[in-house]
1. Determine the alpha carbon to alpha carbon distance for each of LYS225/LYS310; LYS189/LYS225; LYS175/LYS294; LYS189/LYS223; LYS175/LYS223 and list only those over 31 Å.
2. State, as an integer percentage, the relative contact order of the chain based on alpha-carbon contacts under 8 Å between residues 6 or more apart.
3. Let me check against my output: what whole-number percent is the relative contact order of region 36-96, with C-alpha pairs under 8 Å and at least 6 apart?
4. Assign one of three labels to region 31-187, namely rounded, prolate or oblate, based on the Cα gyration tensor with a ≥ b ≥ c the square roots of its eigenvalues; rounded applies when a/c is under 1.5, prolate when it is not and a/b is larger than b/c, and oblate otherwise.
5. Need one value: the accessible area of VAL38 in square angstrom, 1.4 angstrom probe, rounded to the nearest 10.
6. Out of residues 5 or more away from GLN57 or on other chains, whose amide H comes under 5 Å of its own, with H placed 1.01 Å from N in the peptide plane?
7. Once every Cα of region 133-277 carries one equal point scatterer and solvent is ignored, give the base-10 log of I(q)/I(0) from the Debye formula at q = 0.11 Å⁻¹, two decimals.
8. For the ranges 60-71, 274-285, what's the packing order if you count other beta-carbon atoms within 10 Å of each residue, average per peptide, and put the highest first?
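The values are calculated or read from the model by the stated rules, or taken from the named source; none is laboratory data. Small disclaimer: the values here were computed from a predicted structure and weren't measured. Quick reminder, even Gly has a Cβ in these numbers, built from the backbone with ideal geometry, and neighbours come from all protein chains shown. Only protein heavy atoms, including side chains, enter the accessible area calculation; ligands, DNA and RNA are left aside. Shrake-Rupley method; radii C 1.70, N 1.55, O 1.52, S 1.80 Å.
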Amino acid sequence: MSLGIKRKKTAVAEPKIHFSWKEAKRQKSLLIWSGIIVIYGIIFYYLPLGGWLMAFQNYRPIDGLFHSEIVGLQKFQQLFSDATFLRVIRNTLAMGVINLVVTFVAAIAFAILLNEVRNTIGKKTVQTISYLPHFLSWIIVTGIIHDALSGTGIINELLVNLNVIDQPINFFAHKEYFWPIVAFANVWKETGWNAIIYLAAITAIDPSLYEAASIDGAGRWAKIKHVTLPGIRPTIMILLLMNVGNVLNAGFEIQYLLGNGLVQSVSQTIDIYVLNWGISQGDFSIGTAAGIFKSVVSIVLIVIANQIAKRNGDERLF
């Protein structure tokens, strides 16, 4: 006969925080600065959300926000019945996912490989050179890319001299090259900068774990697999959850600067659509509706990613 032992769970009472004017006076400077930050957030983050009302109106600047005709969901119906907007959603999601995967993997791989460099001077030199492109504007980056991929650029020169191709390729005239070009540009510009936080996480790993792995006969790749990657896993999950919400922020500058009429069907993103219709064409309601759609999808993606992380046993982050 087995005896079941019931254990009574004892709830741990959380310490109560008692407010007192004496404590408030002592923390006066912190409260003042906190109040300034709250006021700043209300003015510049929450009050502008009132402009979302334009998405449900036939907004005209002459009538203003409070006197324009209310049309309900008509603008959203117009959006999703527009084949151009559906194509823009496809482009934005595709480039966003490609950029997320490629830049995420590249930053982790670069940080791990850089951590394996034993020469301190060489390591610091490579790290410094790698994150310098982050401080370049997209105007400069796209200029470099355009020159490198032009008919007389270094890429075509190498391919022709190595007999890979017979004639120079106009990379910006073929749709199939545009998304890889955007992904490469993001990797080149941001990998070094994104790797900094992973390098910091790696330095926080207990060195005794590497010593224990060496005693067990683990080589470098085994240490990376069983020590380094599990050690930075929480950091990876946090950054992944944060970046998933930015999938629809696939970019604006690089697509706008490198795009042309020949690749327009694959280069336009939601931000460019908002610029063309919301500002250039003066249809502020359509532009606002597209922006609301983008924000809602980003929130949904973050919630889904958080639920997946919780199911895998990770701590709830949001």
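1. Details: LYS225/LYS310 23 Å; LYS189/LYS225 27 Å; LYS175/LYS294 24 Å; LYS189/LYS223 29 Å; LYS175/LYS223 42 Å.
The answer is LYS175/LYS223.
2. Working: 287 pairs, mean separation 79.5, N = 318.
Over the chain, the number comes to 25 percent.
3. Numbers: 28 pairs, mean separation 13.2, N = 61.
Relative contact order here is 22 percent.
4. Working: a/c = 2.97, a/b = 1.48, b/c = 2.00.
Taking the square roots of the gyration eigenvalues as a ≥ b ≥ c, region 31-187 is oblate.
5. Its accessible surface works out to 90 Å², give or take rounding.
6. VAL71
7. Once normalised to I(0) and log-transformed, intensities are -0.64.
8. Values: 60-71: 11.2, 274-285: 16.9.
Sorting 60-71, 274-285 by mean packing, highest first, produces 274-285, 60-71.
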